[in-house]
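Here is the structure we will look at, set down as structure tokens.
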Amino acid sequence: MTGPNVAEARRGLVRLSHQLGDPAADLAILGEGNTSAALGDGSFLVKASGATLGRITEDDLVRLDHAEVLALVDDPTLDDHDVAALSARLAASHEGKPASIETMLHALALDLPGVRVVGHTHPTAVNALLCSDRAADLVAGSLFPDQVVVCGAHALLVPYAEPGLPLARAVRRGLAAHVDEHGAPPRLVHLANHGIVALGENAAQVLAVTAMAVKAARILSGALAVGAPRYLDPETVRRLDTRADERHRRAMLSLREDR
Ligand SMILES: [Zn+2]
């Protein structure tokens, strides 16, 4: 893919990064967080390593071959903790600045059906729970209807793994188990002692999932402060999720018709 579409994707990803990296949103500081977008031609854009999310420019986006990065996750010769070998392989796969250490995580997320844009952040409100012994409560059920509509019926919690290949491999295991159990990938992935990954068809969905994940975490913290969380019953959640899917499907159809 070349020309105006790539230029548009770059502009869109910079805009999303600035929104997620806005200090007022309290989702990422310093070099925290990263974003990516599929270009639809087997390649994707991801944030360069160390760039500040809220201030990145188009020069801080790196373009990589999707299959090549996925192959790194599968490569048995790459040791989980050999960061130098991984960095060398990543550096050899593209031109320009070094890609984010979470590039493999993004490649896995962008490989899921319907996912074209990914935002990974470290929201203080969510991490307060992810760094506690109540992290599992984040995925034990849904607390309110809009949480289901925006984040889906089932979020995934991945146990702590070191950034880079160990995390990518843990996420791959988690996603496979999630799809086996629920028949569909999650829209929100919680990473224990680390942060969240919001998956979307576009930047607006990534922003919405992130914002709702933060709100749900705040509500859960409040519920835990006054007692125990009382989740919606599974049948209600299922109905809300089905309706959300229907609304989403209609919205996508009308978007297509508007073109
Ligand atoms: Zn992170």
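The values are calculated or read from the model by the stated rules, or taken from the named source; none is laboratory data. Bear in mind the structure is a predicted one, so any value in this text is a computation, not a measurement. Neighbour counts run over all protein chains shown; Cβ positions are idealised from the backbone, glycine included. Just so you know, the surface numbers come from the protein's heavy atoms only, side chains and all, with ligands and any DNA or RNA stripped out. Shrake-Rupley method; radii C 1.70, N 1.55, O 1.52, S 1.80 Å.
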Practice task
Determine whether the stretch 61-76 contains at least one residue that is touching a residue at least 12 places away in the same chain (Cβ under 8 Å), within 16 Å of the ligand (Cβ to nearest atom) and under 27 Å from Pro123 (Cβ atoms).
Solution key: no
Fill in the blank from the handout: Across (1) surrounded by 17 or more Cβ atoms within 10 Å (Cβ to Cβ); (2) within 16 Å of the ligand (Cβ to nearest atom), Val148 clears everything bar (2)
Handout entry: Residue check for Leu20: within 17 Å of Ile196 (Cα to Cα), at pLDDT 95 or above and within 16 Å of the chain's Cα centre (by Cα)
Key = yes
Exercise for the section: Count, please, the residues in the stretch 110-157 that happen to be hydrophobic (A, V, I, L, M, F, W, C), touching a Phe, Trp or Tyr at 6+ places or on another chain (Cβ under 7 Å) and more than 20 Å from Leu20 (Cβ to Cβ). Expected result: 2
Exercise for the section: Inspect the stretch 134-145 for any residue being open to solvent by 20 Å² or more (accessible area, probe 1.4 Å) and within 16 Å of the ligand (Cβ to nearest atom) and give the result as yes or no. Expected result: no
Completion exercise
Counting only residues that are touching a Lys or Arg at 6+ places or on another chain (Cβ under 8 Å) and under 16 Å from Glu68 (Cβ atoms), the stretch 105-139 contains a total of 2
Exercise for the section: Scan the stretch 57-79 for residues that are outside any helix (DSSP H, G or I) and open to solvent by less than 60 Å² (accessible area, probe 1.4 Å) and jot them down. Expected result: Leu61, Val62, Leu64, Asp75, Leu78
Completion exercise
Restricting attention to the stretch 27-51, the residues that are more than 25 Å from Gly114 (Cα to Cα) and over 14 Å from the mean Cα position of the chain (by Cα) number exactly 6
Problem - helices (runs of 4 or more DSSP H) fully within the stretch 151-259 counting 2 or more residues that are under 24 Å from Asp133 (Cα atoms), at pLDDT 95 or above and touching a Gly at 6+ places or on another chain (Cβ under 7 Å) - result: 203-226
Problem - Subset of the stretch 1-55 [of a type in the set (A, V, I, L, M) and within 15 Å of the ligand (Cβ to nearest atom)] - result: Leu20, Leu27, Ala28, Ile29, Leu30, Val46, Ala48, Ala51, Leu53
Fill in the blank from the handout: Residues in the stretch 80-97 that are in a loop (DSSP other than H, G, I, E, B) and surrounded by 15 or more Cβ atoms within 10 Å (Cβ to Cβ) total 4
Practice task
Just one of (1) within 16 Å of the ligand (Cβ to nearest atom); (2) at pLDDT 95 or above; (3) buried (at least 24 other Cβ atoms within 10 Å of the Cβ) trips up Val117, so point out which.
Solution key: (1)
